[in-house]
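Trainee: Provided herewith is a single structure, encoded as structure tokens, for subsequent inquiry.
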Amino acid sequence: MSKKMRRTFLEGTAMILFFIFIIPFILLVINSFKSKDAILDNPFSLSGILETGFDNYINLFSDSTINIGSAFLTSVFVTIVGLVLVVLFSSMAAWVLVRSKKWWSKIIFLMFVGSMVIPFQVIMFPLISTLSSFSKATGIETLGNVFFLPIAYLAFQSSLSIFMYHGFIKGIPKELEEAAMIDGCSRFQTFRLIILPILKPITVTVVLLNGIWLWNDYLLPQMLLLGSDTITLPIAINRLASQSYGTNYAVLLPAAVLTILPIILLFIKAQKHIIKGMVEGAVK
Amino acid sequence: MLQTVKKLMNKSTSFWFLLPTVAMFILIIIVPFLRGIYLSFTDWNNAVQSTFNFVGLDNYLGVLKEPQFLYSLQWTFIYTAVNVIVVNVIAIGLAILVTQKLKLTNLYRAGFFIPNLIGGIVLGTIWMFIFNSAIPYIGEALGNSFLAESFLNNAGTAKFALILVGTWQYIGYIMMIYIAAIQNIPKDLIEASSIDGANAWQRFRNVVLPMIRQSITIGTFLTLVNAFKQYDLNLMLSNGGPAQFGAGGSIQATQLLSLDIVKRGQLGTIENMRASAQSEAIIFFLILFVISMLQMHFTKSKEVEM
């Protein structure tokens, strides 16, 4: 085989595989713009797209049983507030754990890292009963309360985040902080003015990895928001599928597109960071 | 006054810095985890129950006689093994393909990688549509009765469907790990072997494969743990079904362990189902724990060799 033929062959193979991989997304987008009948009639046809237009999407927001618009906003709220809590508090904790040479700092760090092997299924049911006792004792609403969900994410995502910050902070020379303290900064000011800005590169990774996780997560919100009308997007999609809409793809598919869209936009903007963060996280 | 407050803050900042994360971590992870171990030895039934009777190993012995649990355990092992092999083999193949200086290499990589960024609930919805509508449409058009029937209606094809979607979702991520490894192979090493007359297969076998061994260990364990914990796709695609009738009565044919634990626990107050689900979850945890220990052992010992 000549070099040129080999090139063409490889390029062609890659192109074919690429299409096989993304066909599900192409079908998803096409059919999300078609009426229920048009989808059932022929899922591969483009006809019907112009007549239906954005009707499916408009109907989605006006559906009274499951309000996708409010689920979208709930997901945005949970993801953003969750990220702020995770970034702020796990970087603070990681900083203390790196700098403190006391006996307990190692134990706390090991507690966080060691817990990474605990699967959610082991915690799930006892968590519900622990939280219901906690709420009874303190009067703080935890179950069915959408404001508690980001706090729960602080706990669930802190292991990985502290681990990542810990590794990064170890490489920051201590002299910087000492100089700031000599200049009269309190430790909090030192953290805010000196450490936090230095942490920016690793914070980008922490935000991207946790953000994608929080946006997609189903089981934890499903457990904590049980019985609540405020639900996140994945819960809404699951309910749409299991309720009367079982086969009504004119509702399900646009809802899926709406959930995917923010992630795709994020990926287009931050492709390099996302891939680098995920690969490095794995290799460590 | 302000001075003293400042001094106090300064001395105890370590405490205040750690407090939010550690307190929430203990309340939400550590306490439920330890409580869960304890409750798996009791007659725990539901969330509001306040007194528990110790029943020893009863829940564990009970669950080990449960046909659905034994089936799900076995199916989870099969699903995981197939996943590990298929994902890693295809991921290595794709990684080699997209490191051949192709024109649109970034586009290909993005396409292979994207399913990994999207949650199982949404991917499950898309594939439900493909299995229930798109593929049967092709089957009918071709007059092929095998394709005309939804893959999700039949135990054998539903298992295949779950494996297909699960591997499709994960291949791109593992591919990225192999791409990083392949790019780290010194160029002259590959050139030298080409000059020595090695063909493509020999180059792969004798140069590439030994150089990415460490990454194969990482890729294998990542896939192993991920597949073993699969839940979202399983729930959305088939919810564990279809039912299959065998010696032990009705069995949910595609129900993986994660899903089995959740379903059993949600049965709630019927005959110690909560405690029984919890004991199942502890068994699930122990298996994952052993996998993690093996992973640490293998990744550490390889590092020493390097």
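The values are calculated or read from the model by the stated rules, or taken from the named source; none is laboratory data. Every value quoted in this text rests on a predicted model; they were computed, and no experiment measured them. Ideal geometry is used to build each Cβ from the backbone, glycine not excepted, and the neighbour counts take in all protein chains shown.
Trainee: Where the second residue is of a type in the set (Gly, Ala, Ser) and crowded, with 24+ Cβ neighbours inside 10 Å and the first is more than 18 Å from B:LEU224 (Cβ to Cβ) and lies in the stretch B:153-178, which pairs have Cβ atoms under 7 Å and are six or more apart or on separate chains?
Mentor: That search, which allows pairs on different chains as well, returns B:ALA158/B:SER238.
Trainee: Of everything in the stretch A:25-69, what is part of a helix (DSSP H, G or I), hydrophobic (A, V, I, L, M, F, W, C) and more than 14 Å from chain B (Cβ to nearest Cβ)? Give them in sequence order.
Mentor: A:ILE49, A:LEU50, A:ILE58, A:PHE61
Trainee: Do we have A:LEU266 as surrounded by fewer than 20 Cβ atoms within 10 Å (Cβ to Cβ), under 21 Å from the mean Cα position of the chain (by Cα), aliphatic (A, V, I, L, M) and assigned to a helix (DSSP H, G or I) here?
Mentor: When the stated conditions are applied, A:LEU266 passes them.
Trainee: Sticking with this one: List the pairs whose first member sits in the stretch A:151-168 and is closer than 10 Å to A:MET116 by Cα and in contact (Cβ under 8 Å) with a residue 24 or more places away in the chain, whose second member is of a type in the set (Phe, Trp, Tyr) and surrounded by 22 or more Cβ atoms within 10 Å (Cβ to Cβ), and whose Cβ atoms are under 6 Å apart, counting only residues at least 6 apart or on separate chains?
Mentor: Listed pairs, sorted by first residue: A:SER158/B:PHE25; A:SER159/A:PHE112.
Trainee: Being closer than 14 Å to A:PRO221 by Cα and in a helix (DSSP H, G or I): is that true of A:PHE134 here?
Mentor: Numbers: closer than 14 Å to A:PRO221 by Cα: no; in a helix (DSSP H, G or I): yes.
For A:PHE134, the condition - closer than 14 Å to A:PRO221 by Cα and in a helix (DSSP H, G or I) - is not met.
Trainee: Follow-up question, since we're still on this one. More than 9 Å from chain A (Cβ to nearest Cβ), of a type outside the set (A, V, I, L, M) and surrounded by fewer than 16 Cβ atoms within 10 Å (Cβ to Cβ), is that true of B:GLN100?
Mentor: no
Trainee: Related question: More than 8 Å from chain B (Cβ to nearest Cβ), assigned to a loop (DSSP other than H, G, I, E, B) and either farther than 29 Å from A:VAL204 by Cα or modelled with pLDDT of 95 or more (or both): is that true of A:MET1 in this structure?
Mentor: yes
Trainee: Could you figure out which of (1) more than 8 Å from every other protein chain (Cβ to nearest Cβ); (2) at pLDDT 90 or above; (3) under 30 Å from B:PHE113 (Cβ atoms) isn't true of A:ALA256?
Mentor: (1)
Trainee: Yes or no: the stretch B:198-208 includes at least one residue that is in contact with a Ser or Thr (Cβ under 7 Å, 6 or more places away or on another chain), in a helix (DSSP H, G or I) and within 21 Å of B:GLN244 (Cβ to Cβ).
Mentor: No, the conditions are met nowhere in the stretch B:198-208.
Trainee: Okay, next question. Just checking, does the stretch A:209-229 include any residue being within 30 Å of A:ASN31 (Cα to Cα), away from every other protein chain (no Cβ under 13 Å) and at pLDDT below 90?
Mentor: Yes: the stretch A:209-229 contains one or more residues that are within 30 Å of A:ASN31 (Cα to Cα), away from every other protein chain (no Cβ under 13 Å) and at pLDDT below 90.
Trainee: Can you tell me which residue within the stretch A:192-225, out of those that are assigned to a loop (DSSP other than H, G, I, E, B) and under 21 Å from A:ALA255 (Cα atoms), is nearest to the chain's Cα centre (by Cα)?
Mentor: Looking at residues that are assigned to a loop (DSSP other than H, G, I, E, B) and under 21 Å from A:ALA255 (Cα atoms), I get A:ASP217.
So that you can scan it fast, the table gives a plain yes or no per residue for (1) within 30 Å of A:THR203 (Cβ to Cβ); (2) within 30 Å of the chain's Cα centre (by Cα):
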| residue | (1), (2) |
| --- | --- |
| A:MET5 | no, no |
| A:ILE16 | no, no |
| A:PHE33 | no, yes |
| A:LEU50 | no, no |
| A:TYR57 | no, yes |
| A:LEU60 | no, yes |
| A:VAL78 | yes, yes |
| A:LEU88 | yes, yes |
| A:TRP95 | yes, yes |
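Trainee: Restricting the stretch B:69-85 to residues that are buried (at least 19 other Cβ atoms within 10 Å of the Cβ) and away from every other protein chain (no Cβ under 14 Å), which is nearest to B:ILE190 (Cα to Cα)?
Mentor: Step one: of the stretch B:69-85, the residues buried (at least 19 other Cβ atoms within 10 Å of the Cβ) are B:69, B:72-73, B:75-76, B:79-80, B:83-84.
Then drop every residue that is not away from every other protein chain (no Cβ under 14 Å), which leaves B:75, B:79, B:83-84.
Values: B:TRP75: 41, B:TYR79: 36, B:ASN83: 30, B:VAL84: 28 Å.
My answer is B:VAL84.
Trainee: Hey, B:ALA141 hits all of (1) facing chain A (nearest Cβ under 10 Å); (2) within 21 Å of the chain's Cα centre (by Cα); (3) over 20 Å from A:LEU252 (Cα atoms) but one; which does it fall short on?
Mentor: If we test B:ALA141 against (1) facing chain A (nearest Cβ under 10 Å); (2) within 21 Å of the chain's Cα centre (by Cα); (3) over 20 Å from A:LEU252 (Cα atoms), just (2) comes out false.
Trainee: Taking into account only those residues within the stretch A:140-150 that are surrounded by fewer than 21 Cβ atoms within 10 Å (Cβ to Cβ) and either over 24 Å from B:PHE52 (Cα atoms) or within 8 Å of chain B (Cβ to nearest Cβ) (or both), which is nearest to the chain's Cα centre (by Cα)?
Mentor: A:PRO150
Trainee: Could you tell me whether B:ALA275 is closer than 27 Å to A:PRO126 by Cβ, more than 20 Å from the chain's Cα centre (by Cα), part of a helix (DSSP H, G or I) and touching a residue at least 12 places away in the same chain (Cβ under 8 Å)?
Mentor: When the stated conditions are applied, B:ALA275 passes them.
Trainee: Only one residue in B:TYR178, B:TYR173 is under 30 Å from A:SER242 (Cβ atoms), within 31 Å of the chain's Cα centre (by Cα) and hydroxyl-bearing (Ser, Thr, Tyr), so which one is that?
Mentor: B:TYR173
Trainee: Within the stretch B:234-282, track down each residue that is modelled with pLDDT of 85 or more, of a type in the set (S, T, N, Q) and under 20 Å from B:ILE37 (Cα atoms).
Mentor: B:SER258, B:SER276, B:GLN278, B:SER279
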